[in-house]
1. Expressed as cubic angstrom per residue, what is the convex hull volume of the alpha carbon set of the chain?
2. Check the straight Cα-Cα distances from LYS397 and name the aspartates and glutamates below 14 Å, setting aside those fewer than 8 residues away within the same chain.
3. Suppose every K and R has +1 on its Cβ and every D and E has -1 on its Cβ; what is the size of the dipole of the chain about the Cα centre, in Debye to the nearest 20?
4. Which of ARG316, ARG40, ARG368 moves most in a GNM of the chain, Cα contacts under 10 Å?
5. At 222 nm, what value in deg cm²/dmol follows for the chain if DSSP H runs of at least 4 each add -39500 (n - 2.57) and the sum is divided by all its residues, to the nearest 500?
6. From the square roots a ≥ b ≥ c of the eigenvalues of the alpha-carbon gyration tensor of segment 29-74, which class results: rounded (a/c under 1.5), prolate (a/b over b/c), or oblate?
7. Just for the chain, what percent of DSSP beta bridges are antiparallel, to the closest 5?
8. For the chain, modelled as a GNM with alpha-carbon contacts under 10 angstrom, which of SER173, SER366, SER29 fluctuates the most?
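Quick note: the coordinates plus some simple rules give every number you see, no bench work behind them. Remember, predicted model here, so these are calculated numbers, not experimental data. Virtual Cβ from ideal backbone geometry, glycine too; neighbours counted across all protein chains shown.
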Amino acid sequence: MALQRLDNRAARALFMDRHALLEQPAGGSKGEDLLQLIHRLGFVQLDSINTVARAHDMILYARKPSYRARHLKHLYERDRALFEHWTHDAAVIPMEFYRHWHLRFLRDAEMLKARWKNWRRDGFEQKFETVLQHIRDHGPVGSSDVGKDEKKGSGGWWDWHPSKTALEYLWRSGALTVVGRDGFQKRYDLTERVIETQLCPGNLHCDANETVDWLCNAALDRLGFATSGELAAFWDTVSAAEAKSWCRQALTQGGIEEICVECADGRERKVFARPGLCEHAAAMPDAPGRIRVLSPFDPMLRDRNRAERLFGFHYRIEVFVPEPKRTYGYYVFPLLEGHRLIGRIDMKAQRDRGLLRIRSVWPERSVRWSDARTRRLQAELDRVRRFAELDGVEFEKDWLKDPK
């Protein structure tokens with residue numbers, strides 16, 4: 001029996017819908033409205049780079065134009081509706097999901113202890129009780145509050161002093177919880193002071209099979225369709241073997257089915273999906289025609305290979321690429337218009353001048369750049385500069401580049 005086929009346009013629409021980008025950007029951006037958006041996305045990645053605004057703020061702003069950074073800070077630090085931990089990277093996650101992170105605590109504890117010993121971070125295990133007692137006595141701490149008598153390194157992860165390493169280990173393994181950030185520096189407290197007692201590690205039984213089932217289901221619901229490898233990578237807790245086993249069982253039980261998805265280049269790819277997904281996707285509305293600036297860490301782009309298959313858009317961040325070898329720039333933002341990724345923009349907030357400085361825009365080869373498109377881009381950049389609390393937008397000479 002031939003598999004059902006999801007054409008590329010419908011696949012893009014469905015994927016954008018699961019990432020809250022198919023509807024017009026509008027609506028409430030604080031409190032319960034913001035929490036519902038993060039719940040829908042699953043998590044929001046945190047990143048320190050601030051060329052215009054931080055990545056997590058750009059992610060939320062792209063969907064809720066009334067959003068401001070203080071809304072996330074209140075939800076996280078005041079309301080305790082979110083907790084911070086790792087998916088594929090550091091992220092804020094709905095507190096409702098906390099019980100499903102116990103497996104991550106256990107696996108991170110085992111993985112990090114072995115990895116950090118290999119990196120010769122000698123002595124961090126001996127600092128566990130000292131760090132915990134300091135927090136019991138003095139309350140939440142940052143890394144600068146512990147290990148004051150220890151030799152400080154460069155500040156990079158490869159050169160943490162033992163107490164900083166202990167802090168990170170105790171957080172990743174569940175004994176500590178991050179309760180907020182000063183600037184972008186984490187503040188840690190004892191988990192039992194922050195998390196409901198019945199949910200704390202040691203008080204809640206961790207059933208690995210139950211957690212894997214929840215993680216795979218939750219990943220599929222947020223991706224729409226996926227291979228087993230993509231399900232494993234979404235939260236980055238489930239192993240590839242566990243995801244394959246889950247797919248086999250769900251397929252047998254009728255909870256999922258195999259379909260074919262058309263890629264941007266016309267090739268087809270077998271994936272798993274909920275029954276009836278193709279009919280649901282075919283009825284999706286058109287995407288908004290306005291241009292939107294996306295963060296390089298936007299969840300729609302997190303899986304670079306998937307974005308390239310679906311949208312034909314090759315994107316790699318070049319922060320760690322030496323400047324002479326960069327194709328585009330240090331921190332270049334993708335541009336979304338309708339259901340297409342139409343190009344990328346190199347821009348930076350010049351706060352001393354109150355300006356959003358536009359250095360370059362590179363359209364994709366398939367995009368004809370018209371005066372109307374320039375006006376749509378200018379309208380979006382004016383929205384972005386207001387979000388970034390800047391006074392104006394300034395384009396460098398010859399800002400519109402030829403496609404690469």
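1. Numbers: hull volume 66.5 nm³, N = 404.
Dividing the Cα hull volume of the chain by its residue count gives 165 Å³.
2. ASP346
3. So the magnitude is around 1100 debye.
4. With Cα springs under 10 Å in the chain, the top fluctuation among ARG316, ARG40, ARG368 is at ARG368.
5. Only helices count here, giving -11000 deg cm²/dmol.
6. Prolate is the answer for segment 29-74, as a/c is 1.5 or above and a/b outweighs b/c.
7. Within the chain, antiparallel bridges account for around 80 percent of the total.
8. Taking springs between Cα atoms under 10 Å, the residue moving most is SER366.
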